[in-house]
Amino acid sequence: MIRNILAFITLFCVVSVQPLDAQDGPEGSAPFAIIHYGCHGASYMAKPSDYDAPCRVMERADSLGVLTPFGQDVVGRLRLIRQDARNHWGELSEQGIREQQEVAWRLMARFPGVLNKDCSYIGARSLRNTRSMLSMEQLLVEISKVCRIRVYHNASNAYSSYLSSLDEGQLAVRKDSTAKAAYEAFSERYNDGDRLAKTLFTDSDFIHSQVDIQTLNDQLFNIADNIRQTGKEGKVTLYDLFTADEICHQRKRQNVWNNLNFGRKARIPFIHQLMRHLIHCTDTAQTFKHSAVFHIADETSFLPLVSLLGIDLPLGSSKNLQFILYRKNPEDQDVWIKVLLNEQEVSLPLPSEHAPYYRLKDFQDYYLEKVKE
């Protein structure tokens, strides 16, 4: 479990990605298809209540005159953050738009033999939420400037069974009593809300009767984290509400929650269907001279998929998986595959004399066996 938690932490580290140069595959083969499974770009928080709930607590305290001077400063900052997010809930930020554009630019620079004016087919699918749909559109706008063909794309709930780890078949996991008990036991070890409450409020009776300390603590930290995605970093912050240890504790609690809810064996139906879909894409791609298929999903899909692939997570800021197919010519049946995680080559638990390139048939056989019902 600890390895999975550390993997999830690594996945969300924010560092620059240095894409590798395009390379020919083994035995004179060249890339001919790209299957991309990417996360939406940086975005605002999903709901008005994500901003309103902590504001209401702080504003209530302000109206009763029980905020410290620091608390008064914090409520002012919260109002500015909420105003900036108004009517942008769940939308891509400017940073998120730029992230998707840069993914497209790097792909085109790295695989010009696939993404060019002679590309045979471009397809894309996304979840039916604003940030995923806008991410798909931003990526395709850039790709279509080079691949001047009709792009087949859609956003539909029909794709949720393999694009969303929270489709109907998986929602019960969130109510799993074992998972909840494990999280609560872990979380109790890192409950830091009391110190923060004393820096914000002057009245202990108000704290105990009208404030859910840990909930407020979590809400404020989530907003502090989200500021990095909205372009306001350096202009306003909430990180100064927390000590260095408290920030570390929040990260641990978040990562355990994510691991329990999105990386557990209970999510096998979703991740198995996703793997079968991706393998189907590798078959379909062989019918085209050059092609690319893009999938845009939520970040919670990545830990179980990466775990199923059996690969280690390198550092990276962009969260995506790319399956690159290689062959000598359209008649060549000896197809090879290379997997990129956060645009870095990774090794798979498969035998190959040319790793990180693997024969596609070996790849398909191995992972189809893993997801066998």
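The values are calculated or read from the model by the stated rules, or taken from the named source; none is laboratory data. It should be emphasised that the depicted structure is a prediction, and the values quoted were computed from it without experimental measurement. Here the Cβ is made from the backbone with ideal geometry for all residues, glycine too, and neighbour counts use every protein chain on show. What goes into the accessible areas is simple: the full protein's heavy atoms, side chains included, and nothing from ligands, DNA or RNA. Shrake-Rupley method; radii C 1.70, N 1.55, O 1.52, S 1.80 Å.
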For the stretch 318-373, the percent of accessible surface on carbon and sulfur atoms (probe 1.4 angstrom, ligands and nucleic acids excluded) is 48
With a sphere of radius 11 Å drawn around the Cβ of ALA197, what net charge do the other residues whose Cβ falls strictly inside it have (Lys, Arg +1; Asp, Glu -1)? -2
Taking the stretch 51-150, the whole-percent share of alpha-carbon pairs separated by over 18 angstrom is 62
Any idea of VAL236's accessible area? Nearest 10 Å², probe 1.4 Å. 30
In this structure, the FRET efficiency calculated for GLU353 and ASP205 from their beta-carbon separation, with R0 = 51 Å, to the nearest 0.05, is 0.10
Compute, for ARG359, the solvent-accessible surface of its heavy atoms (probe 1.4 Å) with the complete set of protein chains present, and express it in square angstrom to the nearest 10. 70
Hey, any idea what % of the stretch 34-135's accessible area is carbon plus sulfur with a 1.4 Å probe? 50
Please list, in order, the residues from the stretch 339-373 whose amide nitrogen is less than 16 Å from a point placed 7 Å along the Cα→Cβ vector of GLU27. 351-364
Could you name the aspartates and glutamates in cross-link range of LYS117, using Cα to Cα under 15 Å and dropping any fewer than eight places away on the same chain? GLU142
Within straight cross-link reach of LYS361, meaning Cα distance under 25 Å, which lysines are found once same-chain residues fewer than 8 apart are removed? LYS289, LYS328, LYS338, LYS370, LYS372
18 Å Cα-Cα reach of LYS198 towards aspartates and glutamates, excluding residues that sit fewer than 8 places from it in its own chain: GLU59, ASP62, ASP73, ASP212, ASP218, ASP240, ASP245, GLU246
Net charge of Cβ neighbours under 14 Å - reference GLN210; Lys, Arg +1; Asp, Glu -1: -3
